[in-house]
1. For HIS395, HIS25, HIS106, give the ranking by accessible area with the largest first, probe 1.4 Å.
2. Give me the aspartates and glutamates in straight-line cross-link reach of LYS13: C-alpha distance below 15 Å, same-chain residues under 8 apart excluded.
3. Could you state the principal axis extents of the C-alpha atoms in the stretch 154-296, from the largest down, to the nearest angstrom?
4. Count the net charge of all other residues whose Cβ sits under 10 Å from the Cβ of PHE306, scoring Lys and Arg as +1 and Asp and Glu as -1.
5. With just the Cα atoms of the stretch 1-55, tell me how far they stretch along each of the three principal axes, in Å, largest first.
6. Using only alpha-carbon positions, what ratio does the radius of gyration of the stretch 1-138 give when scaled by 2.2 N^0.38 Å?
7. So what is the accessible area of the chain per residue, in Å², with the probe set to 1.4 Å?
8. Give me the percent of the accessible area of the stretch 40-156 that comes from carbon and sulfur atoms, probe 1.4 Å, all protein chains in place.
Amino acid sequence: MSSPPILADRIGKKFSRSLGHSLWHSAQDLGRRLVGRRPAPVLRAGEFWAVRDVSLTVAAGECLGLIGPNGAGKSTLLRMLGREYRPDAGRVELRGAVKSLIRLGHGLQPMYSGRENVYLKCAELGLSKRDTDARLDEIVAFAELEAALERPVKQYSDGMYARLEFAIATCMPIDVLLIDEVLAVSDVAFQLRCLERLETLKREGSALVFVSHSEMNLRQVADRCLLLFDGQAMAEGRPEAVLGKYYEAVGYFNRDLKSCGVLPARPPDASAGLDFPGPAPESLQAVPGQPLAFELEYRAERNFEFVELRLEFWNTAGLLVASTLAAGGRPCLTRGRGRFRVELPFLGLGAGIYDVAVSARAGGRNLAYKGAVRRIQVLQTACDRPGGFGVIEAHIRTAPSGKTF
Ligand SMILES: Nc1ncnc2c1ncn2[C@@H]1O[C@H](COP(=O)(O)OP(=O)(O)OP(=O)(O)O)[C@@H](O)[C@H]1O
């Protein structure tokens, strides 16, 4: 079996905290390399591991997302993969042609026009002038830079730089593409076009490593994610599971996030003689379209009749994504403590993390509301990727033309 296009085996990179140490250690390392030895495998005065002991593989047609807080080592790891940095430990193996989109504008000549830069960069990618002529219109249209094509790129905004670089780098199939957050400066419409382009590259067999702080971008394009903290791999796996770990690690779930615009905000917890006691919610895992059941406790100060019990599902951006509509009658809740069970035969939620809130109403009055009685992580199964916020059950039948169903 051939090796994957990207393989890193226990790679590490050290940096020095001060310039003096950095110069001194670089000289020492150079000396060691000249006699065929690797840099000292231990930390010297003033040094730290920016990336330590990280292993990964990326197959053809696959995208690995790199996530983690600022300073976690994502760019350093990407630069080692792109051979910009030589690892101080471990080894990197890349198969095929490699393209890096790491530093914004780094690859463009500021005094040259957009057009001249297209020809220059395409020549670097191995394209002849005739091949570039054939691609020029498509590159410029993708970047939407027709009006600025003859201007020197030093007059471009960050977003325009990113557009041009991305359009050039992805204008032809490539074996390995390394991308570091270059989409962050682009508007949403362009980001969506870039994501489509990355999907196309994957279909054509490119192996991608994609650093991003955007959950939307990662969910769209990454097949797996690697979470870095302090230079070390903390988790690897399905994007939703690793993003969940990341958010949990940084305390994201404990924050009260502002909801967007005029959408309804989650009501405060309230109780009029009825409440839902219980410890802080634990995270449950669920799968779109599968059945799911919740068992909850209540505490009532008196009997309540014909109570409408409703579950609400709020996503991490503070949006109410769905509510239950109970089939059958409204239950009576007797005084004291009791339990009830809510069964969902078909979970109609897209992949993501949701707080489950419960509300109780009777006779047109709100009796109780609790904003987070459970938290669920709805997983995106690899073979079945419904998009959007919700999943709708569908029964499909076929019939030959002219026949009834
Ligand atoms: N050339 C360098 N010399 C010294 N330290 C460096 C150098 N480059 C990066 N570092 C340090 O290495 C650590 C990892 O940096 P890196 O840029 O890889 O993080 P990152 O995860 O990409 O962060 P961000 O999300 O902010 O881009 C940080 O502590 C950073 O200060």
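The values are calculated or read from the model by the stated rules, or taken from the named source; none is laboratory data. The shown structure was predicted, so the numbers you read here are calculated from the model rather than taken from an experiment. Cβ coordinates were reconstructed from backbone atoms using ideal geometry, including for glycine residues, and neighbour counts include every protein chain displayed. In case anyone asks, the SASA skips ligands and DNA or RNA and just uses the protein heavy atoms, side chains included. Shrake-Rupley method; radii C 1.70, N 1.55, O 1.52, S 1.80 Å.
1. HIS395, HIS106, HIS25
2. ASP29, GLU47, ASP53, GLU84, ASP88, ASP230
3. That works out to 65, 35, 33 Å along the principal axes.
4. Charge balance near PHE306 sits at 0.
5. Largest to smallest, the principal-axis extents are 46, 25, 16 Å.
6. This ratio for the stretch 1-138 stands at 1.30.
7. On a per-residue basis, the chain sits at 53 Å².
8. On the way: 2820 of 5740 Å².
C and S fraction of accessible area: 49 percent.
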